[in-house]
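Beneath this line is the structure, given in structure tokens, with notes to follow.
The values are calculated or read from the model by the stated rules, or taken from the named source; none is laboratory data. It should be emphasised that the depicted structure is a prediction, and the values quoted were computed from it without experimental measurement. Cβ sites come from the backbone with ideal geometry, for glycine too, and all protein chains shown count toward neighbours.
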Amino acid sequence: MTEHTAAWPEGVVARYVTVAEALVDIWYDNGTLRTRCSGETCSWTVRKSTRVFYTDSAEERDEKIAAAVPALQPDAQAHAEKCRALPRPTT
């Protein structure tokens with residue numbers, strides 16, 4: 001199993017592979033969707049509020065996250081298509 005097919009980390013809702021095989025993840029964290037590239041020294045990141053509140057049910061939370069993801073996908077895809085920062089070796 002490769003890093004690309006292994007189970008995704010907690011909170012990750014979308015994942016892209018860069019041209020250099022690093023990963024660009026979109027994940028939910030405490031009311032915010034975040035994106036980050038795992039390429040070494042790549043500082044690219046984007047954030048988007050989901051307007052999830054502690055009073056929301058799990059279903060409401062999931063619906064708000066799903067509604068917010070499409071706004072980040074084009075940026076994540078565009079970054080993945082051009083980033084050449086290599087991922088840090090695992091060994």
Take the conditions surrounded by fewer than 11 Cβ atoms within 10 Å (Cβ to Cβ) and either polar (S, T, N, Q) or outside any loop (DSSP other than H, G, I, E, B) (or both) and apply them to GLU59. Does it pass? yes
Condition check for THR41: under 18 Å from TRP8 (Cβ atoms) and either in contact (Cβ under 8 Å) with a residue 12 or more places away in the chain or polar (S, T, N, Q) (or both): no
Kindly indicate whether VAL52 is buried (at least 16 other Cβ atoms within 10 Å of the Cβ), assigned to a loop (DSSP other than H, G, I, E, B) and among the hydrophobic types (A, V, I, L, M, F, W, C). yes
Is one or more of the residues making up the stretch 41-52 closer than 14 Å to THR18 by Cα and touching a Pro at 6+ places or on another chain (Cβ under 8 Å)? no
Mind telling me which of the residues ARG61, ARG88, ARG84 ends up being under 20 Å from ARG36 (Cα atoms) and either modelled with pLDDT under 95 or in contact with a Gly (Cβ under 6 Å, 6 or more places away or on another chain) (or both)? ARG88
Could we say that VAL19 is β-branched (Val, Ile, Thr), in contact with a strand residue (DSSP E or B) (Cβ under 6 Å, 6 or more places away or on another chain) and within 19 Å of ALA78 (Cβ to Cβ) here? no
Could you tell me which residue of the stretch 62-91 is surrounded by the most Cβ atoms within 10 Å (Cβ to Cβ), considering only residues that are in a helix (DSSP H, G or I) and over 15 Å from the mean Cα position of the chain (by Cα)? LYS64
When (1) modelled with pLDDT under 95; (2) closer than 16 Å to ASP25 by Cα; (3) in contact with a Gly (Cβ under 9 Å, 6 or more places away or on another chain) are applied to PHE53, the one that fails is (2)
Which ones in the stretch 1-38 are buried (at least 16 other Cβ atoms within 10 Å of the Cβ), touching a Gly at 6+ places or on another chain (Cβ under 8 Å) and without any contact (Cβ under 8 Å) to a residue 24 or more places away in the chain? TRP27
